[in-house]
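Here the structure comes first, spelled out in structure tokens, and everything after it is commentary.
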């Protein structure tokens, strides 16, 4: 009995923190915008009954999303930014994780600590400090000007480059940690065996190390890709006007147009898009578990 | 177990009930008050003041539309106030509790009555204009000494903007401010609600948008003051605050503000009490405190915005009352226009146009 209760708890979390809010958002996405408080109709009332309430819902807001190219362009641009950032994070994160796994045992805990350390400061403050670093009069420009590398300050803040820097910086621990976990378990004698059998170091890395850290790579990529797709804070603080992302479009529907139903429809579609990588991630995790047991 | 939870819930309800009576929660614009006034309020009234800030009407409006914001006093601008009154977001003020109402300035009250007939729901906090903040030296370097710094030519002529892009231009991220200015620039009615007329500003805005570094409604204060940008299309008092911060920093940055010669938008920020305010009594106390002539003057002296309080003018420093950028002279006043809220359909057109302008799609 006790076991059933313990097993139920995560499902209750899922129900309370994901399914119920999602059902509410879905309901709003099927309503119509109105001058009211809150600004949509119909609002559920027990007097009218559930049947009458449901009959007033329709898919109008979803068809509306197809009439304007803004929405698919924003989804596409978000996907592109998320994919590029994931790749960049992987390219930078992998060598870090590799170096960490190769350092002598006694240093690893300290290195791990350094990767996690930024989480002790608020995420928002860290993004703000990037504004201080990247601005035209910021530390980076002052340093480069002082060293004589550049003669004119670089415009970095409010560009796409700043967005990528912000995203890579913020999410890189999520890439390093799973890859490190995979590499750290790697049996060194496998590489020695590969080298004994005539592999060069680089070849042994490609043929042995990379495939064996595959699960870590996949987990890291999903952990970076999924939150980046809906990212709103980093592009709005570091990005310029040209950075089109779905999080921003959602904000505008909600705040500027006061159109909660369309905003909810945008959010529902975003969840549907995210379900694909989440399901893939889940399958990968399962496979990994099966392989281990 | 159930009893415990219920007990805790009761305690919690009791706790919120107790705090509500001696707490006032105010939600005002960022950089919009002398913080000494907040301490003074707590001292004088014995009420605990919780003071939060926002930087866009949209954020406030969403809280008002959702309800249950928990705030006792909020400060929407006129056009937003009008719409929020219509959906029943505010309660009528109790004139008997506002003993300082004799201080108010009828000239401003007459104008704010366009949004709030009879001023039944709101009291003016500050008012101002929307215009051009210029880093004099940098702009002269880029455009020459005769740069049109008091005309919308500065920001709406693509050739000017192409050159200004090298030193940085910020626009307010507020279509309801920028579109009327663009309409005024092309000689249309700035308060037009006709989608076809509004569409006429699109080519103009699209031509200058590549040269706008950022559309944002509060960052330009620091950016101007630090010399990160050289032009901002923003709110009068914010730009004047940037001017003062730059002067204090003494790093050679000189900022000026001009209401554009083509006409400028005049706006009003109104203090109002949400219909579900936990402490309406305390809200009235706060309103009455701000309506005191000396307190209101202290706020204006600090933030460089004009207020709707005639009696406060005796206490304003010359830098404020004599500055025509803050208290415009009769000729400029003549040149100011006001706008009214867009209906929902038109709002969507306006937002969509704005998204196109900001993102290029």
I'd like to check something: does the range B:80-88 contain any residue that is more than 26 Å from residue B:330 (Cα to Cα), free of Cβ contacts under 8 Å to residues at least 12 places away in the same chain, within 14 Å of chain A (Cβ to nearest Cβ) and buried (at least 17 other Cβ atoms within 10 Å of the Cβ)? no
For the range A:205-293, give me every one of the helices (runs of 4 or more DSSP H) that falls completely inside it and has 2 or more residues that are away from every other protein chain (no Cβ under 14 Å), closer than 23 Å to residue A:20 by Cα and out of contact with any strand residue (DSSP E or B) (no Cβ under 7 Å at 6 or more places or on another chain). A:214-229, A:260-292
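Residues checked against (1) assigned by TED's automatic domain parsing to the domain that holds residue A:183; (2) surrounded by fewer than 19 Cβ atoms within 10 Å (Cβ to Cβ); (3) under 17 Å from residue A:172 (Cβ atoms):
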site: A:212; (1), (2), (3): yes, yes, no
site: A:219; (1), (2), (3): yes, no, yes
site: A:226; (1), (2), (3): yes, yes, yes
site: A:234; (1), (2), (3): yes, no, yes
site: A:238; (1), (2), (3): yes, no, yes
site: A:247; (1), (2), (3): yes, no, no
Looking only at the range B:20-44, which residues are out of contact with any strand residue (DSSP E or B) (no Cβ under 8 Å at 6 or more places or on another chain) and farther than 25 Å from residue B:127 by Cβ? B:20, B:21, B:39, B:43, B:44
If I filter the range A:55-78 down to residues being in a helix (DSSP H, G or I), touching a residue at least 24 places away in the same chain (Cβ under 8 Å) and farther than 15 Å from residue B:348 by Cα, which single residue comes out as farthest from the other protein chains (Cβ to nearest Cβ)? A:62
So which residues in the range B:174-196 are assigned to a helix (DSSP H, G or I), in contact (Cβ under 8 Å) with a residue 40 or more places away in the chain and away from every other protein chain (no Cβ under 14 Å), if there are any at all? B:180, B:181, B:184, B:185, B:195
Please go through the range B:46-79 and pick out each residue that is under 20 Å from residue B:286 (Cα atoms) and within 8 Å of chain A (Cβ to nearest Cβ). B:64
Selection within the range B:213-251 - surrounded by fewer than 20 Cβ atoms within 10 Å (Cβ to Cβ), more than 27 Å from residue A:159 (Cα to Cα) and away from chain A (no Cβ under 12 Å): B:244, B:247, B:248, B:250
When you scan the range A:28-42, do you find a residue that is part of a helix (DSSP H, G or I), at pLDDT 85 or above, within 25 Å of residue B:344 (Cβ to Cβ) and outside the structural domain of residue A:268 (by TED's automatic domain parsing), even just one? yes
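The values are calculated or read from the model by the stated rules, or taken from the named source; none is laboratory data. Predicted model only: the values in this text are computed from it and were never measured. Cβ atoms come from the backbone with ideal geometry, glycine included; neighbour counts cover every protein chain shown.
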